């Protein structure tokens, strides 16, 4: 089974997190889009009825269930979500997904390469 991790964060932090995902986990594909909205918790909301306008990037990555918690925590810190008003992150279980056979083959090839490297290191 796979899981879809979705993160809503500041644009610069989201882009940084996506780049770090590629570097650390070799995740090369994600869905990303831009959103703009008004916050109701600002002082401007109390006087004018309108809140502060914020811009966020929403990105999602599809990962294996085995790696979901680890990647979730990685994104949480990489996107600075632990800071006040940093954003949110959540996981959605995916029971069925149609994935390109080429992507599946590349994933298996990457796993096999890593396993053979580990076996060669142990043999030495």
_Of everything in the range 14-24, what is more than 11 Å from the chain's Cα centre (by Cα) and either at positive phi or in contact (Cβ under 8 Å) with a residue 24 or more places away in the chain (or both)? Give them in sequence order._
24
*Residue check, residue 59 out of contact with any strand residue (DSSP E or B) (no Cβ under 9 Å at 6 or more places or on another chain) and within 15 Å of residue 22 (Cα to Cα)*: no
*Only one of 70, 107, 115 is closer than 17 Å to residue 3 by Cβ, in a helix (DSSP H, G or I) and modelled with pLDDT under 60; which?*
107
*asked:* If residue 50 meets every condition in (1) modelled with pLDDT of 65 or more; (2) in contact with a helix residue (DSSP H, G or I) (Cβ under 9 Å, 6 or more places away or on another chain) apart from one, which number is that one?
replied: (1)
*Of (1) surrounded by 11 or more Cβ atoms within 10 Å (Cβ to Cβ); (2) in a strand (DSSP E or B); (3) at pLDDT 90 or above, residue 93 satisfies all except one. Which?*
(1)
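The values are calculated or read from the model by the stated rules, or taken from the named source; none is laboratory data. Model, not experiment: these values are computed from the prediction. Every residue, glycine as well, gets a Cβ built from its backbone with ideal geometry; the counts of neighbours run over all protein chains shown.
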